[in-house]
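**Student:** Encoded as structure tokens, here's the structure I'll be asking about.
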Amino acid sequence: MKFKKPFIYAFCLLTAASPACTDDFMDLAQNPNASEFALPQTLLAPAITDVLKKNMNRAQRINNELMQDHINMGDVEGKIFRYDIRSSESTYMWNNWYIQLANFKDVYKGGAERIRITASDLAGNTYKGIGLICQVWVTSLITDMYGDAPYSEASLGKDRLFLPKFDTQRDIYADMFQKLEEANTLLTTAPNLPAAETSADPVYGGVAANWRKLGNSMYLRLLLRLSNKTSEPMVNDKTVVEKFKEIAETRAATYPIMTVNTDGARINWTGTAPYDNPFATCAPLTGTQ
Amino acid sequence: MYKTLLKLPPLALVLWLSGYIEPANGQTLASQQPPRQSQLAKKTPDRTITGKITSSSGEPLPGVTVLLKGTSIATATGTDGTFSLTLPSNQGTLIFSYIGFKTREMSLPETNTLTIVLEEDSQTLNEVVVTALGIQREEKALGYSATTVQGEQLTESLSNNWTDALSGKVAGVNLTRSGSGPAGSNAIILRGESNLTGENGALIVVDGVVINNGSGRMTGSAGGDQPVDFGNGLNDINPEDIETVTVLKGPGAAALYGQRGANGAVVITTKSGTSRVKGIGVTINSNSSIETISRWPDWQYEYGQGLDGQQYYSWGATADGPTTRSTSSAWGPKFEGQKYFQFDPITQTTGKERTPWVAYPNAVKDFFQTGKTFTNTVTLDGGNLNTAVRFSYTNLHNEWVMPNTGYKRNTVALSASHRVNEKLQIATKINYTNKSTDNLPAIGYNNQTVMYWTSYWVPNGDLNWLKNYWKNNRAGIEQNYPFSSLPDNPYLISYEMLNGQNRNGVTGNINATYNFTKELSLMVRTAIDFAHDKRTQQRPFDTERFKLGRFVSQNIYSQESNSDFLLKYNKILNSKIDFSVSAGGSHLANEYMSDEIRAENLIYPQIFKLANSRDLPVAIPYRSSFVINSLYGLATFGFNDYLFLDVTARNDWNSVLATTTSTRNVSFFYPSVNVSAIVSEMLRFPSAISYMKVRGSFAGVGSGRNTPYQTFIGYNPVTGFPGALANQTTLANENLKPLYTTSYEAGLEMRFLKNRLGFNLTMYSGSTKDQILTAGLDRSTGLNAAVINAGEVRNQGIEIEANATLLKSRKGLNWKAFSTFSANRNKVLSLTDDLPSLQLQTGQRGAVEARVGGRMDAIYGIGYQRAPDGQIIYENGYPLQTQEPIYLGHTNPNWKASLGNEFRYKQFRFSFLVDGQVGGSAYSMTNAINTELGKIKSTLPGRDNGIVGKGVIANRDAEGNLDGTYRPNDVITENITTYYVAHAGRENVEGNTFSTDFLKLREARIDYTLPASLYKRIGLEKASIGIYGRDLYIWSPWPIYDPEFGSLAGGSIEKGFENAQLPSTRTIGLNITIGF
């Protein structure tokens, strides 16, 4: 009996102090540093810039040194200008291209999402077209460098696809042509990006027609790479030669291509971050030799 | 007591129940007692007993509790051992008790003046140990291994980081230092790593406040630049304030700490005030130490700057030929008294005349200075029976061995406790620390660091050429560095490339304990640990990395608050059985904020402000928060004071396992069981065996870890682009589960010959499964890595602590020795189905990889191609390297051991401690660079005439195919640089992997305590002086600096890859303590 009161106190305290154990946990799981959703205008510029910078970096590190165009500052072993090339050099592009491929896939998906949100927002189609062209750009680099490579299941790690299958180079090329066809169709009617979003496109400032020209010019370049595949139909029952002729001559109006210098696809290194020339920083990029 | 209660009038009863008054008389607050009550108690006249209590050797014992049995009438002796106690009656028994002495009871004597001699308790079985949640337990009742280190042992040979003092004192403790300068972090690993990724450090608890993720959080780098170790809160604990450090090594001991106790716990209790007879106690402790570099690389000074084959030297193009000044290599001409055109420091260009070609062997060493640390502490303490207060102030001033580096620290600590009445006790401990520095050294292999420069400086370089670190008339704009453009001028690094910090931290708790009855009590406590850290990094114009300068400002706020309660019920059922039941809960909330703003280029030189930014300053914010709620219980049973059983259970709810839509994985439960038996009390042993205890423990501990947002899939902002996002490259896992550690432990503790000899043996086995791993993926997934639950790692080991009192005499020489030994074996039992190996760390070259069946700390890298008999295969005179990484050793030692000795003779004391380890290895980048650049003596043989490497050549048949036979190598190298680079250039991981075995003279100390008669006369209570040395000598095959290095990698310290480590230092100091 004499313990009764303290026990009641204790019980009350226990109940009061005992936490409602998972209160607010779902709110706490919300990451304040990241976003669950991304619209295409947020994804495009950093992805394109990254691919370009990585390409230039490697061009400087390998091509320029091998061509004796310039020489590394370091004086110890392991220098490419001395033809000392390690197997690890080959993974750099593989590793960086596939990472950005995931973002380009989301540019395409995000374009569709914009149209879902606002049916009249046809700039979504512009992004879809740009997304396709960028995917083809990166994919062609991958397959031209590595041959058969993961493609149809590539960059889908988000769906927990951790071991993507390899596709043959032939299938990859065939599908790239399909993507370029789709991009050309989309960009025929797609508007330019709204003024507020021109900075999302560091290449053309959102001009749809220019992207269309880029896509078709790239189409020609990829067809040229298959120029010895004369008999095999590669695009919609057409052979490479037939398709080339169609774009360059017979249906040139449907497939506008680059004709003047201002059509060229480039990012201007203004010297203002993030558009600073990778050559200006790539030597001390790692801070070491 | 309840009998007394019945005699009280109803009003007094109500007051008692509400805790306002105290029924029994004694030393309670008399003014609050109603007059009737004192009348009641005054049946017989008061009687005052005074006395003095001494040890058997006649020394007065302060702080002895004197209690009238069955009452709360008690007092404590003062520093002179005297006491005075007023008793209400003539009958009763007095109890005299004091830790380390046998408790003595005596019935009230006739006389009012007593002289009591307490006998030292040679058993010292009743040693009280602070266990999980701050619960004090008798050592003998523990079913697991716990080692307590007294505060004095930590301050005796003070280094910059007090945790160093745990080395060699506790078996199974591994300190991993970041080796990164004066304020460097370190991690305490108990019994080996079990988590494949990160978070292997022990839980650090200061007065019930867990500091790991608050002030203890390690934040290595600032500014996305080279790392600077700004230290963690563990270093900021003032060693002078530490009463004891209890190391709870296994999960069994720390099970009540929940998920965070899975790696064991280090429980730090800070000092509290003590009851004093009169006045306040003042202690002044002054510690001064100097620090010097203890080991250098074995640099060569026979050959000067130049590439292999260069037979001349020319600074700039001269009559002698084209310039050879821009290399950092020392494969050039021999120092033979010849003259060349060299650098002229006055004109900062080529000298007009040829000057003698000489080496400057001390150039690098002279750059460093003698470090100095001054630590001064004033402590005030005092109190009476009900209130005790302790206040301390510590000032630390450090100048480190690298010029213009060091830090200052001011710590104010207050501890107060008050017994409001017999029922309620309130206590608080608050600790405020300010740490500030103008500059901490940058670390790592990186051209922003001084250590990078030490490898690149040429033998023919005079340090004085660098002291003017600006070009003439170009101060602030262009640096003066006469050689290769890879390193920066070290004086520019030290005086202009600054890494500053100002950190204010508060750690404290308030707790109240209410004793409902003698058996039932409730403790409620709330604790907070927060720190605000302001950091800046500035880089002037023309540094090699930042040509237009740079300024980074970073603000970090971290906070962890923890509120808990513990309800305890103890009951002694009869003379044989006692038990206790405790139940508690806690709510922990952690918050972290970091705001970093960078001006990547500056407009005007030498103005380090964001306003001087050339571009739009880049902002990099980061926020995180998580909550862990817990409920737990503990039941203990004791039988006959020789058999003990503990059972604990705990459930945690950890928000880091929640997703935005679900909380299904957040809850996890785990139990522990501990048994202890004092066999020597149960059975009769020969008298030579004084004590024998057998113990066993089983524990399971779940953990969700402390990294939030591993369940959140989304897009991260891209720095530099406005409103830009990119897919996360590490895939989060929405199904993340807690990992689970299961551990078994058995121990035997024995003492012999009246406790003169003793040992404590522990064997354990534990495994951690469903680890939360960040598994690397092929990038064709579009990801770098994914967070997964997988893998199981087992640790098994043995720990022995032994001690001996070899000589014991009251007046003569006393000699005590102790020793520790620990060995741990680690095995990766499984990873995931499609993951044969997991890279845990990568060095500049090579990696630490966990492979199934192997160890977690295995080093893999390119090694030598070897013939079947193990000889190195040569081709054209050069050794061949493997194409694929091979196993090269493991980073953790097979075993560690230590031996400490203490000699006392009258007022003198001498002690020393050696410790060592065997079986680990690591990769040395510093050795690789110094080899590539021809800087060390190992690159001297064969410089003039070539060398024939020891090994074999693979024979080829007529068609040129390998025929599987070998002949001894007989080819003289053509190019000596190529030869040494093939052996120990950075690519050859094997060639740079060295044993980290060492034997260190860790501590040595001589003390002199003034005789009591002397200091009493001048009014002091104690006075002692000591000289100590720390890390005095290192014997090790490790080539460069300290084999016990660590490298800071994000929030953890890694060993395995030495990466331009900072020099190892030896400390010699003087310590003076005065109390009055």
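The values are calculated or read from the model by the stated rules, or taken from the named source; none is laboratory data. Everything quoted here is computed from the prediction, not taken from an experiment. A quick note on method: Cβ atoms are made from the backbone with ideal geometry, for glycine too, and the neighbour counts reach across all protein chains shown.
**Student:** Exactly one of these conditions fails for B:ASN395: (1) surrounded by 16 or more Cβ atoms within 10 Å (Cβ to Cβ); (2) free of Cβ contacts under 8 Å to residues at least 24 places away in the same chain. Give me its number.
**Tutor:** The single condition B:ASN395 does not satisfy is (1).
**Student:** Going residue by residue through the stretch A:136-145, is there one that turns out to be more than 14 Å from every other protein chain (Cβ to nearest Cβ), over 27 Å from B:GLY714 (Cβ atoms) and in contact (Cβ under 8 Å) with a residue 40 or more places away in the chain? Spell out the reasoning first.
**Tutor:** Going through the stretch A:136-145, the residues more than 14 Å from every other protein chain (Cβ to nearest Cβ) turn out to be A:136-137, A:140, A:144.
Still in the running and over 27 Å from B:GLY714 (Cβ atoms): A:140, A:144.
Remaining after also requiring in contact (Cβ under 8 Å) with a residue 40 or more places away in the chain: A:140, A:144.
The answer is yes, given that some residue of the stretch A:136-145 is more than 14 Å from every other protein chain (Cβ to nearest Cβ), over 27 Å from B:GLY714 (Cβ atoms) and in contact (Cβ under 8 Å) with a residue 40 or more places away in the chain.
**Student:** Between B:TYR744, B:TYR740, B:TYR715, which is among the aromatic types (Phe, Trp, Tyr), closer than 26 Å to A:PRO40 by Cβ and touching a residue at least 12 places away in the same chain (Cβ under 8 Å)? Show your work before the answer.
**Tutor:** On the way: B:TYR744 fails: closer than 26 Å to A:PRO40 by Cβ; B:TYR740 fails: closer than 26 Å to A:PRO40 by Cβ.
Answer to the selection: B:TYR715.
**Student:** Then there is this: Would the stretch B:1019-1038 turn up any residue that is β-branched (Val, Ile, Thr) and either without any contact (Cβ under 8 Å) to a residue 40 or more places away in the chain or surrounded by fewer than 20 Cβ atoms within 10 Å (Cβ to Cβ) (or both)?
**Tutor:** In the first step, residues of the stretch B:1019-1038 are kept if they are β-branched (Val, Ile, Thr); the result is B:1025, B:1027, B:1034.
Narrowing further to those that are either without any contact (Cβ under 8 Å) to a residue 40 or more places away in the chain or surrounded by fewer than 20 Cβ atoms within 10 Å (Cβ to Cβ) (or both): B:1025, B:1027.
Looking for residues that are β-branched (Val, Ile, Thr) and either without any contact (Cβ under 8 Å) to a residue 40 or more places away in the chain or surrounded by fewer than 20 Cβ atoms within 10 Å (Cβ to Cβ) (or both), one finds at least one in the stretch B:1019-1038, hence yes.
**Student:** Among the residues that make up the stretch A:232-251, is at least one of them in contact (Cβ under 8 Å) with a residue 12 or more places away in the chain, within 14 Å of chain B (Cβ to nearest Cβ), in a helix (DSSP H, G or I) and of a type in the set (A, V, I, L, M, F, W, C)?
**Tutor:** Our first condition is that a residue be in contact (Cβ under 8 Å) with a residue 12 or more places away in the chain; within the stretch A:232-251, this holds for A:234-236, A:240-241, A:243-244, A:247-248.
Next, from what is left, pick out any that are within 14 Å of chain B (Cβ to nearest Cβ): none.
Within the stretch A:232-251 (the criterion being in contact (Cβ under 8 Å) with a residue 12 or more places away in the chain, within 14 Å of chain B (Cβ to nearest Cβ), in a helix (DSSP H, G or I) and of a type in the set (A, V, I, L, M, F, W, C)), the answer is no, since none of the residues qualifies.
**Student:** Let me ask you something else. Let me confirm something: among B:ARG986, B:ARG1002, B:ARG967, which residue is over 30 Å from B:THR283 (Cα atoms), surrounded by 19 or more Cβ atoms within 10 Å (Cβ to Cβ) and basic (Lys, Arg)? Reasoning before the result, please.
**Tutor:** Values: B:ARG1002 fails: over 30 Å from B:THR283 (Cα atoms); B:ARG967 fails: surrounded by 19 or more Cβ atoms within 10 Å (Cβ to Cβ).
One residue alone meets the criteria, B:ARG986.
**Student:** Check B:THR978 against each of (1) touching a helix residue (DSSP H, G or I) at 6+ places or on another chain (Cβ under 8 Å); (2) part of a helix (DSSP H, G or I) and name the one condition it does not meet.
**Tutor:** Only one criterion is unmet by B:THR978, namely (1).
**Student:** Pull out all pairs, ordered by first then second residue, where Cβ-Cβ is under 8 Å, the residues are six or more apart or on different chains, the first lies in the stretch A:259-277 and is within 11 Å of chain B (Cβ to nearest Cβ), and the second is acidic (Asp, Glu).
**Tutor:** From residues that are within 11 Å of chain B (Cβ to nearest Cβ), the pairs are A:THR270/A:ASP276; A:THR272/B:ASP615; A:ALA273/B:GLU600; A:ALA273/B:ASP615.
**Student:** Which residue pairs have Cβ atoms closer than 6 Å, lie 6 or more positions apart in sequence or on different chains, and pair a first residue in the stretch A:160-171 that is within 8 Å of chain B (Cβ to nearest Cβ) with a second residue that is assigned to a loop (DSSP other than H, G, I, E, B)?
**Tutor:** Pairs that qualify, where the first residue is within 8 Å of chain B (Cβ to nearest Cβ) and the partner is assigned to a loop (DSSP other than H, G, I, E, B), are A:LEU161/A:GLU153; A:PHE162/B:LEU777; A:PRO164/A:GLU153; A:PRO164/A:ALA154.
**Student:** A further question on this structure: I need the full set of residues from the stretch B:876-926 which are surrounded by fewer than 19 Cβ atoms within 10 Å (Cβ to Cβ) and within 21 Å of B:GLY1026 (Cβ to Cβ), in order please.
**Tutor:** B:LEU899, B:ASN901, B:GLU902, B:PHE903, B:TYR905, B:LYS906, B:GLN907, B:PHE908, B:ARG909, B:PHE910
Matching residues to (1) among the basic types (Lys, Arg); (2) in contact with a Ser or Thr (Cβ under 6 Å, 6 or more places away or on another chain); (3) modelled with pLDDT of 90 or more:
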{"position": "B:ASN555", "(1), (2), (3)": "no, no, yes"}
{"position": "B:GLU560", "(1), (2), (3)": "no, no, no"}
{"position": "B:LEU573", "(1), (2), (3)": "no, no, no"}
{"position": "B:SER582", "(1), (2), (3)": "no, no, yes"}
{"position": "B:HIS587", "(1), (2), (3)": "no, yes, yes"}
{"position": "B:MET593", "(1), (2), (3)": "no, no, yes"}
{"position": "B:ILE597", "(1), (2), (3)": "no, yes, yes"}
{"position": "B:TYR604", "(1), (2), (3)": "no, no, yes"}
{"position": "B:LEU610", "(1), (2), (3)": "no, no, yes"}
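**Student:** Scan the stretch B:981-993 and tell me whether some residue there is farther than 30 Å from B:GLY877 by Cα and of a type in the set (Lys, Arg).
**Tutor:** no
**Student:** Going by the conditions given, is B:THR926 over 27 Å from the mean Cα position of the chain (by Cα) and within 14 Å of chain A (Cβ to nearest Cβ)? Explain how you work it out, then say what you get.
**Tutor:** Working: over 27 Å from the mean Cα position of the chain (by Cα): no; within 14 Å of chain A (Cβ to nearest Cβ): yes.
It is false that B:THR926 is over 27 Å from the mean Cα position of the chain (by Cα) and within 14 Å of chain A (Cβ to nearest Cβ).
**Student:** Of the conditions (1) closer than 26 Å to B:GLU987 by Cβ; (2) of a type outside the set (D, E, K, R); (3) within 12 Å of another protein chain (Cβ to nearest Cβ); (4) part of a loop (DSSP other than H, G, I, E, B), A:GLN68 clears all except one; give me its number.
**Tutor:** It fails just one condition, (3).
**Student:** Can you tell me which of (1) out of contact with any strand residue (DSSP E or B) (no Cβ under 8 Å at 6 or more places or on another chain); (2) within 14 Å of chain A (Cβ to nearest Cβ) is the one B:GLU600 doesn't meet?
**Tutor:** (1)
**Student:** Of all residues in the stretch B:434-449, which are more than 14 Å from chain A (Cβ to nearest Cβ) and either buried (at least 23 other Cβ atoms within 10 Å of the Cβ) or part of a helix (DSSP H, G or I) (or both)?
**Tutor:** First, pick out the residues of the stretch B:434-449 that are more than 14 Å from chain A (Cβ to nearest Cβ): B:434-441.
Hits for the stretch B:434-449 are B:LYS435, B:THR437, B:ASN439, B:LEU440, B:PRO441.
**Student:** From the residues in the stretch B:469-488 that are free of Cβ contacts under 8 Å to residues at least 24 places away in the same chain and not charged (D, E, K, R), which one is nearest to B:LEU933 (Cα to Cα)?
**Tutor:** The initial filter retains those residues of the stretch B:469-488 that are free of Cβ contacts under 8 Å to residues at least 24 places away in the same chain, namely B:470, B:473-475, B:481.
Cutting the leftovers down to not charged (D, E, K, R) gives us B:470, B:473, B:475, B:481.
Values: B:TRP470: 26, B:ASN473: 33, B:ALA475: 31, B:TYR481: 18 Å.
By that ranking, first place goes to B:TYR481.
**Student:** Answer with yes or no whether A:ALA45 is at pLDDT 90 or above, touching a strand residue (DSSP E or B) at 6+ places or on another chain (Cβ under 9 Å) and facing another protein chain (nearest Cβ under 8 Å).
**Tutor:** Working: at pLDDT 90 or above: yes; touching a strand residue (DSSP E or B) at 6+ places or on another chain (Cβ under 9 Å): no; facing another protein chain (nearest Cβ under 8 Å): yes.
No; evaluated as a whole, the condition is false for this residue.
**Student:** While we're looking at this one, here's another question. Tell me, please, whether a residue that is surrounded by 18 or more Cβ atoms within 10 Å (Cβ to Cβ), acidic (Asp, Glu) and either assigned to a strand (DSSP E or B) or within 12 Å of another protein chain (Cβ to nearest Cβ) (or both) can be found in the stretch B:506-528.
**Tutor:** no
**Student:** Another question, if that's okay. Looking at B:PHE668, B:PHE712, B:PHE698, can you tell me which residue is outside any loop (DSSP other than H, G, I, E, B) and within 14 Å of chain A (Cβ to nearest Cβ)? Even if it seems obvious, please write down each step before you answer.
**Tutor:** Values: B:PHE712 fails: outside any loop (DSSP other than H, G, I, E, B); B:PHE698 fails: within 14 Å of chain A (Cβ to nearest Cβ).
Just one listed residue meets the conditions, B:PHE668.
**Student:** Which residues, taken from the stretch B:773-821, are hydrophobic (A, V, I, L, M, F, W, C), touching a helix residue (DSSP H, G or I) at 6+ places or on another chain (Cβ under 9 Å) and at pLDDT below 90?
**Tutor:** Quick first cut of the stretch B:773-821, residues hydrophobic (A, V, I, L, M, F, W, C) only: B:773, B:775, B:777, B:783, B:785-788, B:790, B:793, B:798, B:800, B:802, B:804, B:806-807, B:813, B:815, B:817-818, B:821.
Applying the additional criterion that residues be touching a helix residue (DSSP H, G or I) at 6+ places or on another chain (Cβ under 9 Å) yields B:777, B:783, B:786.
Within the stretch B:773-821, B:LEU777, B:ALA786 meet the criteria.
**Student:** Which of the residues that make up the stretch B:720-734 are at the interface with chain A (Cβ under 7 Å from one of its Cβ atoms), assigned to a loop (DSSP other than H, G, I, E, B) and touching a Ser or Thr at 6+ places or on another chain (Cβ under 6 Å)?
**Tutor:** Matches in the stretch B:720-734: B:GLY723, B:ALA724.
**Student:** Another question, then. Mind telling me which of the residues B:THR939, B:THR996 ends up being within 14 Å of chain A (Cβ to nearest Cβ) and at pLDDT below 95?
**Tutor:** Exactly one of B:THR939, B:THR996 is within 14 Å of chain A (Cβ to nearest Cβ) and at pLDDT below 95, namely B:THR939.
**Student:** Residue check: is B:TYR257 touching a strand residue (DSSP E or B) at 6+ places or on another chain (Cβ under 9 Å) and within 22 Å of B:GLY461 (Cβ to Cβ)?
**Tutor:** Working: touching a strand residue (DSSP E or B) at 6+ places or on another chain (Cβ under 9 Å): yes; within 22 Å of B:GLY461 (Cβ to Cβ): no.
It is false that B:TYR257 is touching a strand residue (DSSP E or B) at 6+ places or on another chain (Cβ under 9 Å) and within 22 Å of B:GLY461 (Cβ to Cβ).
**Student:** If you don't mind, there's one more thing I want to ask. From the list B:GLN305, B:GLN338, exactly one residue is crowded, with 20+ Cβ neighbours inside 10 Å and either of a type in the set (A, V, I, L, M) or modelled with pLDDT of 90 or more (or both). Which is it? Walk me through how you get there before you give the answer.
**Tutor:** On the way: B:GLN338 fails: crowded, with 20+ Cβ neighbours inside 10 Å.
The unique qualifying residue is B:GLN305.
**Student:** Can you say whether B:ASN789 is more than 29 Å from B:TRP895 (Cβ to Cβ), more than 9 Å from chain A (Cβ to nearest Cβ), in contact (Cβ under 8 Å) with a residue 12 or more places away in the chain and not in a strand (DSSP E or B), as far as the supplied structure shows?
**Tutor:** no
**Student:** Output yes when any residue across the stretch A:74-88 is at pLDDT 85 or above and either surrounded by fewer than 17 Cβ atoms within 10 Å (Cβ to Cβ) or not in a loop (DSSP other than H, G, I, E, B) (or both), and no when none is.
**Tutor:** no
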